[in-house]
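See structure below.
Read-outs: derived from the displayed coordinates by stated rules, not from any lab. Small disclaimer: the values here were computed from a predicted structure and weren't measured. Counting neighbours? That spans all protein chains shown, and the Cβs are built from the backbone with ideal geometry, glycine included.
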Amino acid sequence: MYVKLLGILSTTALLVASQPSVTFDETFGGKEDDVARSVVKVADGYIVAGKSKSFSHHRDFDAYVIKIDNSGKKLWSKVYGGDDDEDIKDIVKYGNDFIFVGSSETYGNGRLSFYMNRLDKNGDIVWQKSYYRDEDDEYFGNGVATDGKSIVIAGTERHLNFMASKINPFIFELDENGTMGWKGYYGGKDEDYANAIAFDGDGYVFAGKTESIGQGDFDAYLVKLNKKGERVWHNAYGGKDDDVAYDVEILKDGYLIVGSTDSFDLSRDDAYVAKIDKSGKLLWQNTYGGNRDDQGYAVTKSPDGGFVVVGRSESFARSRRNGFDLYLFKIDSNGKLKWEHTYGGESDDAGYDIVSTKDGYLIVGDKKSRLSRDSNVWILKVDLNGEKR
């Protein structure tokens, strides 16, 4: 294990003459592949987490954390891991510290294991843990949530059998020292996945996709657990083709899931948003996008009671030769589209997470240049209308 403090590498922030800008557009990283997957708002800025090849001694991915201030200036960045690949899929605030989850090839079974770190406010490791059940299995850490005391990790186990595999959501609890508490599997007879998890007061909900229940192929999957990890209810959402939920937002009267679907188009993915009540019943569902592939990866509440979703779009990309652009759209509380924007450069770009601020939204993802297949961490701050000034 090592932790390396990195120097400052960033683009110039977007400025507005005569007054401070509430928006900025920054990239971070180095000469290799760098991606941001999760962001947390803190009092003096943001903590951004993902993975990086640029600062690894072995040209494999390391887990990567960056702190920026409220104007987009980098304060520090660090990488975590060993000789092989590590990544971060989600990070949450835990008191004055932070907990991240991802996967590791270095630690655990040496194949692919859950990877969890507790970091202090300066990014230094408080503890580092890995988990696996079988040395031949693969574990994908995708989400982390907390009630302020317990830490609950959500991910997927691929249990390898002879010429086949069993894929199951695997959810488990850690205490403040990283010691495991309850754990469980929450799938059926076919393939099921957990992509995100959130705390909702009396327990947890996780979102993903299921092949075991629903209308056919994969459906978006939402499962409610109590604080002991016992399943309260589960349900599937979507249509006759593939549907998936990548994020879940807690509401006063239920839940909002965001993902993608090809059930409601002839042959292409659309961004998918569905509202679910507290008992798991579907209240409404809508799709967003155009005549090519579009996905929604994360959602945040807007100050007026609506929601803003980020993902990627091929339908509205500025140049169809260049693949996807970051896709940002706002809906009201009933799912009606209010506005949409795309942002991007000369190659594939995407937004993977988003947080609300008092004057806009901060998005993290990755941005590729035309001349290279490698990406940089992309941090984009827009105003309340989703625009850059």
Practice problem: Towards the positive end of the charge dipole of the chain, with charges on Cβ (+1 Lys, Arg; -1 Asp, Glu), say which of 357, 50, 213 has the farthest Cα. | Solution: 357
Quiz item: Using a simple spin-label model with points 7 Å from Cα along the Cα→Cβ vector, what separation in nm is obtained for residue 217 and residue 126?
Solution: 4.3
Quiz item: So which lysines pass the test for residue 388, namely a Cα distance under 18 Å, with those fewer than 8 places away in the same chain ruled out?
Solution: 73, 330, 338, 358, 367
Practice problem: Give, rounded to the nearest 20 debye, the magnitude of the charge dipole that the chain has about its Cα centre when Lys and Arg contribute +1 at Cβ and Asp and Glu contribute -1 at Cβ. | Solution: 960
Exercise. For the chain, build the charge dipole from Cβ charges (+1 Lys, Arg; -1 Asp, Glu) around the Cα centre, then report which of 94, 180, 290 sits farthest towards its positive end.
Key: 94
Self-check item: Sites residue 337 and residue 226 - FRET efficiency at Förster radius 41 Å, r taken between beta-carbons, to 0.05
Solution: 0.70
Quiz item: Which far-off residues, 5 or more places away or on another chain, put their amide H under 5 Å from the one on residue 297, with H placed in the peptide plane?
Solution: 310, 311, 312
Exercise. Between beta-carbons, use under 12 Å as the cut-off and find the net charge around residue 279, counting Lys and Arg +1, Asp and Glu -1.
Key: +1
Exercise. Would you please classify the overall shape of the chain from the alpha carbon gyration tensor, given that a ≥ b ≥ c denote the square roots of the eigenvalues, rounded means a/c under 1.5, and beyond that prolate means a/b larger than b/c while oblate covers the rest?
Key: rounded
Quiz prompt | Directionally averaged projected area (convex hull, Cα atoms, the range 307-389), nm² | solution = 5.5
Exercise. Any of 51/189; 51/224; 67/89; 41/228; 93/166; 227/381 with alpha carbons more than 24 Å apart? Name them for me.
Key: 51/189; 51/224; 41/228; 93/166; 227/381
Quiz item: Where a Cα-Cα gap under 16 Å defines reach, which lysines qualify for residue 240, not counting those fewer than 8 residues away within the same chain?
Solution: 209
